[in-house]
Amino acid sequence: MPWYTEAPAEQKITPSGRKLLQAIAVRDEGNGVVFESEPRSRWRLHGTSMVFNAQTFRTLDALALIDVGDGHGDPVRITVAGRAVVEGRR
């Protein structure tokens, strides 16, 4: 099934998207999570060695699972729908 279908959001998430969503869910206590810019359109989770492609953020944001703010310096927040996916409620 192509990713652009009307399938539930959790069926559209790549393995790297799941890893990113889980990393944000564990760390976001309401103020968001800080990512730092890295070369080649990548973002590193502050204080860790976890690096994610910018497209992964765009996909999760388009599915309304995370809120990237301005997309540059704002903390990334998990949404209620994103937390539901992580917890297996959706």
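Rule-based calculations on the coordinates, nothing more; no lab input. Note that the structure is a prediction, hence the values are computed from the model and not measured. Virtual Cβ from ideal backbone geometry, glycine too; neighbours counted across all protein chains shown.
A few remarks follow.
- 9 Å beta-carbon shell around R77, net charge (K/R +1, D/E -1): -3
- Taking the C-alpha atoms of segment 9-86, convex hull volume expressed per residue in Å³: 82 Å³
- Charges were assigned to the Cβ only: +1 to each Lys and Arg, -1 to each Asp and Glu. The resulting dipole of the chain about its Cα centre is roughly 300 debye.
- Among R18, R40, R58, the largest mean-square fluctuation in a Gaussian network model of the chain (Cα springs under 10 Å) belongs to R40.
- Charge sum, other residues only, whose C-beta stays under 12 Å from N53's C-beta, Lys/Arg counted +1 and Asp/Glu -1: +4
- Charge-dipole axis of the chain as Lys and Arg at +1 and Asp and Glu at -1 on Cβ define it, positive-most pick from P15, V51, S37: P15
- Mean residue ellipticity (222 nm) of the chain, computed from DSSP H runs ≥ 4 via -39,500 (n - 2.57), nearest 500: -10000 deg cm²/dmol
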